[in-house]
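Quick notes on the structure that follows.
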Amino acid sequence: MTPLILAAMAATLLVALCYAALCAASPFGDCRRCGGFGFKVVTDRKGKAKRGKHCRRCRGVGKRIRVGRHLYNVAHRTWTAGTN
């Protein structure tokens, strides 16, 4: 294999390990729709920011589970159910 392919594989592995560490350390991230506020920020007629409706995606909590942590939870539940 060429050194370029090995470097790309090493970089991909490093990114995957860093994401796995992030999912282990902080399994919840900010909601992408509301930005972690739990509600949509709207402006009134004067241009002043005010609180809008609560976010339906995160149900007003402002947090979401990361994709990697969700996959880990699913795999762990499957493994636990199969070994019991």
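The values are calculated or read from the model by the stated rules, or taken from the named source; none is laboratory data. Quick caveat: nothing in here was measured; it's all calculated off a predicted structure. Ideal geometry is used to build each Cβ from the backbone, glycine not excepted, and the neighbour counts take in all protein chains shown.
Within region 52-79, being farther than 24 Å from residue 19 by Cα and without any contact (Cβ under 8 Å) to a residue 24 or more places away in the chain holds for 52, 53, 54, 56, 59, 60. Is region 63-82 home to any residue that is among the hydroxyl-bearing types (Ser, Thr, Tyr), more than 21 Å from residue 26 (Cβ to Cβ) and modelled with pLDDT under 90? No: region 63-82 contains no residue that is among the hydroxyl-bearing types (Ser, Thr, Tyr), more than 21 Å from residue 26 (Cβ to Cβ) and modelled with pLDDT under 90. Counting only strands (runs of 3 or more DSSP E) that sit completely within region 11-84, those holding 3 or more residues that are among the charged types (D, E, K, R) and either surrounded by 10 or more Cβ atoms within 10 Å (Cβ to Cβ) or touching a strand residue (DSSP E or B) at 6+ places or on another chain (Cβ under 7 Å) (or both) correspond to 49-54.
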